[in-house]
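The structure appears below as structure tokens.
Just so you know, all these numbers are worked out from the coordinates, no wet-lab data involved. All values derive from a computational prediction rather than experimental measurement. Ideal geometry is used to build each Cβ from the backbone, glycine not excepted, and the neighbour counts take in all protein chains shown.
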């Protein structure tokens, strides 16, 4: 099977390409298409990236191809890592989702229209770019919703599992459980889905109760906001102390705070984001069906807050070589259900100005050239 990476020269796109080749996910007979944009920096850099990958991995690299026109994208799996990054304001505040949507909606539409017109009709699309929910909404409208999945919820899920594993002193592969909702501050840790290998039901319930410390998700948004304030205050004089402070918090709060602090430190999370993306790609390419969490376009398959969801939401789904097939979401505790309902409403409101389903979409602006950073910091944290 062949893979195309849109925005291949951005921070995340470059890591996805490198890890695909380094981990030998694709055989030498498959093709990895590196996609940039003509007339800008990525149009030149994508040729250099190809040369660099050949230089490093020639013995086991797949066929490496360069494409500069959306109409030339041809692959079984398409990774969307293209888009602009809006720089932080002068006071250091990151761009809002509305600002990012205004920048990247045209990018999503351009590639979605090209795939709809020139693709095979069976591509599976993995959206990495920010805002991931908008990317899923735009792509799903044009390509079919079961062929499109956003990887933000899977990245959040892996971070959540890791923090639980660290707290319990076990390996991450022994911990199950999912994060749903919206990637970022409206991520919803689904504690009711947590499973720990080797523990029976009663033991697991006691372990989860101990990890949560009597908290519910009703207070989670306030905890996240307060955590950011505390981290900024500490990091102003000692960045190491800020990371040490995170280690004292509960696992769900750490799962959001640690990547946020990573960006505040001046570093980025491209490696982890790419690794989570590769996890999804390996599942699709291997022909397996597994349960993952991802942002998908729902048409009533899940009910939150007493109403079926018709729109994009991060939920556990079965993912396979033809895309996602069904949602696996049992009835939830009241606090998780309420937070998912808020996330669904927030996503719907944020996507409405840019999608056909939400409202008349603004006229498409000229498709911008993806710069060196392919995915916005706020999402891939």
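Cα-based values for the chain, radius of gyration first and Dmax second, are 20.0, 61 Å. Listing 312, 125, 224, 5 from fewest to most neighbouring C-beta atoms within 10 Å gives 224, 125, 312, 5. Residues of region 294-308 with an amide N closer than 19 Å to a point placed 7 Å from the Cα of residue 352 along the Cα-to-Cβ direction: 297-300, 304-308. Per q in 0.13 1/Å, what log10 I(q)/I(0) does a Debye calculation on the alpha-carbon atoms of region 110-173 return? Taken in order of the listed q values, log10 I(q)/I(0) reads -0.46.
The per residue volume of the convex hull around the alpha-carbon atoms of region 3-151 is 113 Å³. Specify whether the C-alpha gyration tensor of region 227-316 places it in the rounded, prolate or oblate class, a ≥ b ≥ c being the square roots of the eigenvalues: rounded for a/c under 1.5, otherwise prolate if a/b is larger than b/c and oblate if not. It is oblate, given that a/c is not under 1.5 and a/b is not larger than b/c. With a Förster radius of 25 Å applied to the beta-carbon distance between residue 122 and residue 291, the computed FRET efficiency rounds to 0.70.
Work out, step by step, the length gained on full extension between residue 241 and residue 69: first 0.36 nm times the residue separation, then minus their alpha carbon distance; give nm to one decimal.
Net length gain for the segment: 57.2 nm.
Per-residue Cβ neighbour counts within 10 Å put 208, 304 in the sequence 208, 304, beginning with the fewest. Highest mean packing comes first when the peptides 62-74, 152-164 are listed by Cβ atoms within 10 Å, giving 152-164, 62-74.
With contacts taken as Cα pairs under 8 Å at a separation of at least 6 residues, the chain carries a relative contact order of 23 percent. Placing a label point 7 Å from the Cα of residue 56 along the Cα-to-Cβ direction, the residues of region 258-296 with a backbone N closer than 14 Å are 270-272, 274-275. Averaging the Cα positions of each part gives two centres, and for region 147-188 and region 194-258 these lie 13 Å apart. Among 151, 1, 261, the order by Cβ neighbours within 10 angstrom, fewest to most, reads 1, 261, 151.
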